[in-house]
Amino acid sequence: MPVQVVILVGGKGTRLRPLTATRPKPNVPIVDRPFLAYALEWVADHGMTDVVLCCGFKSDAMVEEFGDGSRFGVSITWVFEPEPRGTAGGLKMAEEHLDDRFLLLNGDVLTDMDLTAQVAAHERSGARGTLALVPVADPSAYGLVRLNDDSSVAGFLEKPEPDEIDTDLISAGAYVLERDVLDMIPPGREVSIEREVWPRLVGDGLFGFVHRDAYWMDIGTPERYIQAVADVLSGAVETRVLRRLRGGPVAPGAVVDPAATVAPDALVEEGSRVAAGAVIGSGTVVGAGAIVGANAVLERSILLPGAIVESDARLRDFVAGERSRVPAGTTVTGPLLVADDETLAAAGESLVAG
Ligand code: GDD
Ligand code: MG
């Protein structure tokens, strides 16, 4: 039976401001589609099309963007929290919609982990919960997981202290769960699944499944946002965007001067214009209706729809909000984000992110 999917999208996304000042994180564009579209298309590609979204913060904009989910090949049921209930409290609110077994996902992760294999492992072991695990260089910002030889979880430590780190495996924010786990979550208050549920399930049916070769990234900071866009464009992560980019980096309907250069792992969207001598480098997106002036050089930079970069600007690791403007001759070495409708106040100057 296909497994139902619950996605937690109730976080505030504060570290991605100012992009998340005007839109919830799931709506933030990554290359050519909103961030949450990657999760929806990923689960749909694993045959999982029944999706419950648990949300609170700025949910109107999400409902407008994702609607009934049909545009992404899924069917969405919406669950709204009266106030942030935490990762387990949000799930508890969805209880009436849930089947006997379901997949719970953190909504702020870009990944191509093999969910089908993880569900199969969960069924084989007879677990009550199976956590997706990935190795990372620095586990301190995540949930650290110690495994026994039979893949049962020996210990779970959320945001460990440096002296507690003795493995590189972290919880990747994808969990296969049996419905009875919901009985461990008290209703009506804020509950953290990481701090109140996983530790109590250790030794009582909690298993891990290691995804060794998958791409995985928690998109929380400007740096990681820029990296994620570059990784989608280069194909480091498997997404539906790759199929679209087979047609080349310049979309039909974009006007690119023959004396401009566009890297193969960039995207120049429909309705945008790139002037003579401009360089659209690797990991760069020129959004719909955006304009790049003569001799401007862009590396790993993202122009959201309608942004304007004037001539001779040099931008690296830069994100321009919708309809924002970068004056002529400005040099930026980011990571730096400029808000929707703002003008970068540094005509002809050099800015280096601190
Ligand atoms: N509905 C709802 N309500 N969702 C919430 C709430 C809430 O009150 N609080 C957080 N979320 C959502 C966030 O939007 C995000 O998608 C997910 O739950 C995880 O919350 P984060 O705040 O991003 O947690 P984290 O990144 O510090 O840590 C979590 O993710 C790591 C992997 O990225 C933990 O699950 C760690 O154990 C894990 O390693
Ligand atoms: Mg997170």
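The values are calculated or read from the model by the stated rules, or taken from the named source; none is laboratory data. Small disclaimer: the values here were computed from a predicted structure and weren't measured. FYI the Cβ positions are ideal-geometry reconstructions off the backbone, even for glycines, and counts take in every protein chain you see.
Out of Val292, Val286, Val326, Val309, I need the residue that is at pLDDT 95 or above, of a type outside the set (Ser, Thr, Tyr) and closer than 17 Å to Asp32 by Cα. Which one?
Details: Val292 fails: closer than 17 Å to Asp32 by Cα; Val326 fails: closer than 17 Å to Asp32 by Cα; Val309 fails: closer than 17 Å to Asp32 by Cα.
Only one candidate qualifies: Val286.
Within region 167-224, count every residue that is more than 16 Å from ligand 2 (Cβ to nearest atom), among the small types (Gly, Ala, Ser) and assigned to a loop (DSSP other than H, G, I, E, B).
Counting residues in region 167-224 that are more than 16 Å from ligand 2 (Cβ to nearest atom), among the small types (Gly, Ala, Ser) and assigned to a loop (DSSP other than H, G, I, E, B) gives 4.
Exactly one of (1) modelled with pLDDT of 95 or more; (2) at positive phi is unmet by Gly188. Its number?
Against the list (1) modelled with pLDDT of 95 or more; (2) at positive phi, Gly188 comes up short only on (1).
When residues of region 92-109 are filtered for being more than 8 Å from ligand 1 (Cβ to nearest atom), within 18 Å of Ala132 (Cβ to Cβ) and not in a strand (DSSP E or B), how many remain?
0
Residues are listed down the side, and each one gets a yes or a no for (1) under 30 Å from Pro26 (Cα atoms); (2) modelled with pLDDT of 95 or more; (3) of a type in the set (D, E, K, R); (4) in contact with a Pro (Cβ under 8 Å, 6 or more places away or on another chain):
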site	(1), (2), (3), (4)
Glu96	yes, yes, yes, no
Asp100	yes, yes, yes, no
Ala117	yes, yes, no, no
His122	yes, yes, no, no
Asp149	no, yes, yes, no
Ala154	no, yes, no, no
Thr167	no, no, no, yes
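Test Leu40 against the criterion of being in a strand (DSSP E or B), at pLDDT 95 or above and not aromatic (Phe, Trp, Tyr), and give yes or no. First the steps, then the outcome.
Values: in a strand (DSSP E or B): no; at pLDDT 95 or above: yes; not aromatic (Phe, Trp, Tyr): yes.
For Leu40, the condition - in a strand (DSSP E or B), at pLDDT 95 or above and not aromatic (Phe, Trp, Tyr) - is not met.
Out of region 276-289, which residues are touching a residue at least 24 places away in the same chain (Cβ under 8 Å) and within 16 Å of Arg325 (Cβ to Cβ)?
Val286, Gly287
As an exercise: evaluate Phe80 against (1) within 11 Å of ligand 1 (Cβ to nearest atom); (2) farther than 23 Å from Trp198 by Cα; (3) crowded, with 23+ Cβ neighbours inside 10 Å and give the number of the one condition it does not meet.
Unmet condition: (3).
Here is a check on your reading of the model: is Val6 over 15 Å from the mean Cα position of the chain (by Cα) and either touching a residue at least 24 places away in the same chain (Cβ under 8 Å) or within 15 Å of ligand 2 (Cβ to nearest atom) (or both)?
yes
Here is a yes/no grid of residues against (1) more than 12 Å from ligand 1 (Cβ to nearest atom); (2) under 16 Å from Ala132 (Cβ atoms):
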site: Glu158; (1), (2): no, yes
site: Thr167; (1), (2): yes, yes
site: Glu194; (1), (2): no, yes
site: Pro199; (1), (2): no, no
site: Phe207; (1), (2): yes, yes
site: Asp213; (1), (2): yes, yes
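Scan region 1-33 for residues that are at pLDDT 85 or above, among the basic types (Lys, Arg) and closer than 28 Å to Val176 by Cα and report the count.
Of the residues in region 1-33, 2 are at pLDDT 85 or above, among the basic types (Lys, Arg) and closer than 28 Å to Val176 by Cα.
Restricting to region 242-262, give me the number of residues that are surrounded by 18 or more Cβ atoms within 10 Å (Cβ to Cβ) and modelled with pLDDT of 95 or more.
Residues of region 242-262 surrounded by 18 or more Cβ atoms within 10 Å (Cβ to Cβ): 245, 249-251, 254, 256, 260, 262.
Subset that is modelled with pLDDT of 95 or more: 249-251, 254, 256, 260, 262.
The total comes to 7.
Being over 22 Å from Ala172 (Cβ atoms), within 16 Å of ligand 2 (Cβ to nearest atom) and of a type in the set (D, E, K, R) narrows it down to one of Arg23, Arg71, Arg17, so name that one. Walk me through how you get there before you give the answer.
Numbers: Arg23 fails: within 16 Å of ligand 2 (Cβ to nearest atom); Arg71 fails: within 16 Å of ligand 2 (Cβ to nearest atom).
Sole residue among the options that is over 22 Å from Ala172 (Cβ atoms), within 16 Å of ligand 2 (Cβ to nearest atom) and of a type in the set (D, E, K, R): Arg17.
Could you check region 318-352 and list, in sequence order, the residues that are under 23 Å from the mean Cα position of the chain (by Cα) and over 21 Å from Arg23 (Cα atoms)?
Within region 318-352, Gly334 is the sole residue that qualifies.
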